[in-house]
Amino acid sequence: MNYVAAGAGPTILFVPGWCMPGWIFDRQVEALAARLRVVVMDPRGQGRSEVARTGYDPARRGRDVAEMIATIGAPRVVLAGWSLGVLDALSCVNATGDGRIAGLVLIDNSIGEGAPPPAGSGQFFRNLRTQRDRTVRGFCASMFVRSPGPDYLDRLAREAQRMPVEDSIKLLSYPRPREFWRDTIYATQRPVLYAVRPRWREQGELLVQKHPGAEMEVYDNAGHALFVDEAERFNASLQRFVLTKARFA
């Protein structure tokens, strides 16, 4: 698996979302490397990592994250997952425990709290199978309130189609009940920062009520890639969390 690392100090490891390359966190690397060691991984089949023939399931992806933590050699890391990366980060914690976790940053995905959402129609999967490029390009554009520009979106959409389409669908079909993610969070007492759009506010309120080390930040005016849309605010919040809340000892 490919990764990039910059800076020195307490370590934060970013896990990107569905089919996304790690460079989507470039603004975090640039801003945070002055005081932190910032590591961004490309999960299997994404970015510059190998397009593996198997392993597009939560158990293997969770082990990939654990193996990346071992590879970078930090005694403990703040593990930051975005979108699907939230589930991959929690799969890592469930499989290997929190001994090398200083804190969790969970960015804009469900954590299995509250009432379940309505069942999907399956149309997104049908669109991926029949008109993948158009569907992925529409998805990428929808992640931003403030467009990062056509060249950025074109590069993102092209790189988001590296793995076979059926493997990309497997990533959106993890065979885990939603309670699995909720229970994994409550099984650890490590600090948690839940950074989300308003659609996840109710889940975050329940998390803060039930987890003594949890806090939530809601980004009312950002898209799914909120760390791009509101990079300055997100970076300041993340640096504060790593330097004052995370448990590296």
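The values are calculated or read from the model by the stated rules, or taken from the named source; none is laboratory data. None of these values were measured; they are calculated from a predicted model. Because the Cβ atoms are built from the backbone with ideal geometry, glycine has one as well, and the counts that use them run over all protein chains shown. All accessible areas refer to the heavy atoms of the entire protein, side chains included, with ligands and DNA or RNA removed. Shrake-Rupley method; radii C 1.70, N 1.55, O 1.52, S 1.80 Å.
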(request) Determine which member of the set Val65, Val39, Val86 is under 23 Å from Met143 (Cα atoms), of a type in the set (A, V, I, L, M) and within 12 Å of the chain's Cα centre (by Cα). (result) Val86
(message) Go through the range 140-152 and report how many residues are open to solvent by less than 70 Å² (accessible area, probe 1.4 Å) and touching a residue at least 12 places away in the same chain (Cβ under 8 Å).
(response) 5
(request) Return yes when Arg155 is free of Cβ contacts under 8 Å to residues at least 12 places away in the same chain and open to solvent by 10 Å² or more (accessible area, probe 1.4 Å) and no when it is not. (result) yes
(request) All but one of (1) in contact with a strand residue (DSSP E or B) (Cβ under 7 Å, 6 or more places away or on another chain); (2) over 18 Å from Asn109 (Cβ atoms); (3) part of a helix (DSSP H, G or I); (4) hydrophobic (A, V, I, L, M, F, W, C) hold for Ala246, so report the exception by its number. (result) (3)
(message) Tell me yes or no: at least one residue of the range 98-121 is without any contact (Cβ under 8 Å) to a residue 60 or more places away in the chain and within 20 Å of Met1 (Cα to Cα).
(response) yes
(request) Determine which member of the set Thr184, Thr135 is under 30 Å from Gly73 (Cβ atoms), of a type in the set (S, T, N, Q) and open to solvent by less than 70 Å² (accessible area, probe 1.4 Å). (result) Thr184
(request) Any residue in the range 160-174 that's buried (at least 17 other Cβ atoms within 10 Å of the Cβ): show its pairings with residues that are of a type in the set (Gly, Ala, Ser) at Cβ separation under 6 Å, as long as the two are six or more apart or on different chains. (result) Met163/Gly45
(message) Condition (residue is among the aliphatic types (A, V, I, L, M) and closer than 25 Å to Asp42 by Cα) applied to the range 174-191: is it met by at least one residue?
(response) yes
(request) Restrict the check to the range 223-245 and report whether at least one residue is closer than 19 Å to Trp181 by Cβ and within 16 Å of the chain's Cα centre (by Cα). (result) yes
(request) Out of the residues in the range 137-172 that are of a type in the set (Phe, Trp, Tyr) and in a helix (DSSP H, G or I), state the one that is nearest to Ala59 (Cα to Cα). (result) Phe139
(request) Kindly establish whether Gly17 is small (Gly, Ala, Ser), under 27 Å from Thr184 (Cα atoms) and over 16 Å from the mean Cα position of the chain (by Cα). (result) no
